[in-house]
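Notes to accompany the following structure.
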Amino acid sequence: MLTSSLPLIGPESGLVELWSLRQDTLLELPDETTGAPSAGSSPDEAALLSTRWGETRLPITDPVVLLALERLSYGPVSLDNVVAGISAPDGPGSPERDVLASLLRSLENVLVRSLATKDGKTLLSVVPISRYARFRPPATPADAVLRLSRFAVLRTHEDGLCAESPLAGQRVVLHQLRSAWLVSCFARPFTPREAAGRLRMPVDDVRRAISYLEASGMVVRGTPPEAGAKEAGAKEQYAFAEDHDPALLPWSPHDLMLHARSRQGRHDDPVGATDGFTGVLAAEPVVARAHPGPVRVPLPVPELDRVLDRDPPFTVALEARRSVRDHGERPLDLVQVGELLYRSARVRSMRAFRPDDGEPVLTSRPYPSMGGAYALELYLTVSNCAGLPRGTYHYDPAEHALTRVDMEADSLDELLAEARSTAGLTAEPHVLITMTARFRRMTLKYSGLAYSGLLKDVGVLQQTLYLVCTAMGLGPCALAIGDSDLSAHALGLDWRTESAVGEFVLGTLPSEPGVDGPLPAAVEVHGHDWHVRCTEELRRTLAHTVE
């Protein structure tokens with residue numbers, strides 16, 4: 001049986017199946033004149049198929065099959081127009097049919113499958129986007145109950161609407177308005193027969209279109225309810241496997257799509273440093289322009305020799321690191337804030353200056369950033385810091401200074417209250433650090449991975465802050481989530497170009513170093529004694545520093 005690869009549409013259908021190669025797939029035939037290798041030709045003279053996933057030599061010698069393959073490279077075509085009678089399910093076999101069927105099975109990851117009306121209007125196309133894409137349309141019954149996958153999304157596409165799912169190895173392009181209407185019928189459990197009646201389309205045409213949507217994973221088939229279910233609303237009682245799959249239950253559609261689209265493998269979008277907007281949008285400066293606030297506070301610069309003499313060893317800071325959710329009565333001071341920012345986030349150097357305007361392209365800072373983009377900005381909302389009045393300040397990493405941000409008192413209180421609640425603090429944090437991203441620092445250069453790269457930058461900066469706070473004897477705590485709208489409103493930002501992507505709170509430890517109580521009970525797994533010994537060593541180091 002060749003039903004997994006060759007057409008299934010019968011003569012009663014009003015739709016025609018079309019086949020083509022992906023637009024980025026190139027075919028080189030061994031002999032441009034005859035389309036076939038000569039007798040005794042070497043493997044290097046076989047047809048060459050170049051795809052986004054590599055090159056494949058096709059040891060095909062049959063001129064009819066090579067002609068069919070060449071025709072597929074020109075655009076959508078019915079196989080009947082290439083090999084007469086090939087779509088007849090019960091037709092007599094032939095060597096060409098068998099060879100072509102085998103070839104098409106092997107090329108499923110570059111074959112575009114389309115449905116069109118007999119007057120030539122394409123309804124939908126299924127485009128493979130993964131090297132492992134497989135497309136085997138089932139015989140969808142007219143009374144099967146189906147529903148849109150909860151992971152499927154619709155977006156605009158150059159050829160119409162596009163349906164995508166992180167679970168699918170294909171995307172479906174909906175070329176006609178009625179194709180979109182057909183998809184919308186299955187926003188709730190529905191049958192092809194019901195959809196045909198609603199859209200006034202032949203049932204067989206709807207069945208075929210739905211089989212394409214089902215094979216691509218955009219719609220999922222339900223299983224009947226148990227016997228005895230009420231007839232009224234019975235379709236709503238159908239079970240859908242994705243709603244009960246333990247591998248999918250924990251995923252939200254947005255998280256799974258972000259995961260699938262921010263790495264290679266499950267899509268065909270551009271990925272990497274494509275510089276896709278060069279010459280279209282102005283580049284973001286490597287360091288943000290100075291904030292226009294009226295109050296500017298130069299920060300103290302720590303002395304390296306003193307820091308080296310005072311700091312605990314790296315392993316002590318790493319092993320003793322912990323989140324502190326209870327700050328002491330003693331406030332932070334400006335010297336501590338200045339040292340923390342200097343050691344964690346300052347600009348150490350600039351390089352790769354542009355020849356046209358002398359602007360630097362890259363900076364070096366204490367924490368790493370993907371591609372040296374350094375898109376993160378730090379805003380400090382201060383509640384309790386000696387030498388720094390209550391308010392919000394923007395950190396200038398090049399000048400190592402803070403600039404006061406004009407903000408309504410209510411907004412400042414809301415920021416601190418939200419941070420207190422998220423961290424589980426008993427009082428306002430001494431300082432809240434809001435990490436925003438100037439998105440264009442990433443998005444102008446990178447495709448596909450820009451946002452995930454920003455989140456990685458947030459993680460490494462938070463870890464850097466943790467380690468420096470631990471070495472300095474401060475109480476750090478990274479926050480799991482924040483309110484992007486609240487911070488954008490409070491800071492006066494356009495959230496589309498700069499928005500909060502991470503938060504971090506810090507304060508003094510709840511008591512003098514060395515007397516902050518025993519370590520919580522824990523079950524040792526691997527090297528717990530390292531943590532215990534390094535924590536005690538840190539306490540001794542900090543106590544000696546205070547003395």
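Counting only helices (runs of 4 or more DSSP H) that sit wholly inside region 422-496, those with at least 2 residues that are buried (at least 18 other Cβ atoms within 10 Å of the Cβ) and either over 18 Å from the mean Cα position of the chain (by Cα) or not assigned by TED's automatic domain parsing to the domain that holds residue 397 (or both) are 450-472, 484-491.
Matching residues to (1) among the aliphatic types (A, V, I, L, M); (2) under 14 Å from residue 218 (Cα atoms):
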position	(1), (2)
131	no, no
148	yes, yes
185	no, yes
197	no, no
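Checked against the criterion of being part of a helix (DSSP H, G or I) and farther than 19 Å from residue 19 by Cβ, region 128-135 has no qualifying residue.
Counting only residues that are within 12 Å of residue 474 (Cβ to Cβ) and buried (at least 20 other Cβ atoms within 10 Å of the Cβ), region 312-340 holds 8 of them. As for region 480-496, it holds no residue that is under 24 Å from residue 343 (Cβ atoms), touching a residue at least 12 places away in the same chain (Cβ under 8 Å) and of a type in the set (A, V, I, L, M, F, W, C).
For region 383-401, a tally of residues being over 13 Å from residue 345 (Cα atoms) and either in contact with a Gly (Cβ under 6 Å, 6 or more places away or on another chain) or hydroxyl-bearing (Ser, Thr, Tyr) (or both) returns 3. Looking at region 342-392, which of the residues that are over 17 Å from residue 431 (Cβ atoms) and aliphatic (A, V, I, L, M) is surrounded by the fewest Cβ atoms within 10 Å (Cβ to Cβ)? Among residues in region 342-392 that are over 17 Å from residue 431 (Cβ atoms) and aliphatic (A, V, I, L, M), the one surrounded by the fewest Cβ atoms within 10 Å (Cβ to Cβ) is 352. Anything in region 285-311 that is touching a Ser or Thr at 6+ places or on another chain (Cβ under 9 Å) and surrounded by 12 or more Cβ atoms within 10 Å (Cβ to Cβ)? List them, or say none. Across region 285-311, the qualifying residues are 286, 287, 290, 291, 293, 295, 296, 297, 310, 311.
Matching residues to (1) out of contact with any Phe, Trp or Tyr (no Cβ under 9 Å at 6 or more places or on another chain); (2) at pLDDT 90 or above; (3) in the same structural domain as residue 171 (by TED's automatic domain parsing); (4) over 26 Å from residue 268 (Cα atoms):
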{"position": "57", "(1), (2), (3), (4)": "yes, yes, yes, no"}
{"position": "63", "(1), (2), (3), (4)": "yes, no, yes, yes"}
{"position": "72", "(1), (2), (3), (4)": "no, yes, yes, no"}
{"position": "75", "(1), (2), (3), (4)": "yes, yes, yes, no"}
{"position": "87", "(1), (2), (3), (4)": "yes, no, yes, yes"}
{"position": "92", "(1), (2), (3), (4)": "yes, no, yes, yes"}
{"position": "95", "(1), (2), (3), (4)": "yes, no, yes, yes"}
{"position": "109", "(1), (2), (3), (4)": "no, yes, yes, no"}
{"position": "112", "(1), (2), (3), (4)": "no, yes, yes, no"}
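For region 210-243, filtering for residues that are in a loop (DSSP other than H, G, I, E, B) and at pLDDT 95 or above leaves 3. For the criterion of being assigned by TED's automatic domain parsing to the domain that holds residue 19, acidic (Asp, Glu), in contact (Cβ under 8 Å) with a residue 40 or more places away in the chain and surrounded by 17 or more Cβ atoms within 10 Å (Cβ to Cβ), residue 143 fails.
Would you confirm whether any residue within region 337-344 is among the acidic types (Asp, Glu), out of contact with any Ser or Thr (no Cβ under 7 Å at 6 or more places or on another chain) and closer than 24 Å to residue 440 by Cα? There is no residue in region 337-344 that is among the acidic types (Asp, Glu), out of contact with any Ser or Thr (no Cβ under 7 Å at 6 or more places or on another chain) and closer than 24 Å to residue 440 by Cα. For residue 193, are the conditions met, namely being assigned to a helix (DSSP H, G or I) and not aromatic (Phe, Trp, Tyr)? It is true that residue 193 is assigned to a helix (DSSP H, G or I) and not aromatic (Phe, Trp, Tyr). State which residue is nearest to the chain's Cα centre (by Cα) when the search covers only region 151-176 and only residues that are in a strand (DSSP E or B) and either acidic (Asp, Glu) or closer than 14 Å to residue 214 by Cβ (or both). So, considering only residues that are in a strand (DSSP E or B) and either acidic (Asp, Glu) or closer than 14 Å to residue 214 by Cβ (or both), the one nearest to the chain's Cα centre (by Cα) is 164.
Pairing each residue of region 168-188 that is farther than 12 Å from residue 124 by Cβ with any residue that is charged (D, E, K, R) and buried (at least 20 other Cβ atoms within 10 Å of the Cβ), provided the two are 6+ apart or on different chains, yields C-beta distances under 6 Å for 186/147.
The values are calculated or read from the model by the stated rules, or taken from the named source; none is laboratory data. Please read these numbers as outputs of a predicted model, since none were measured by experiment. Please note: Cβ atoms are built from the backbone with ideal geometry, for glycine as well, and neighbour counts cover all protein chains shown.
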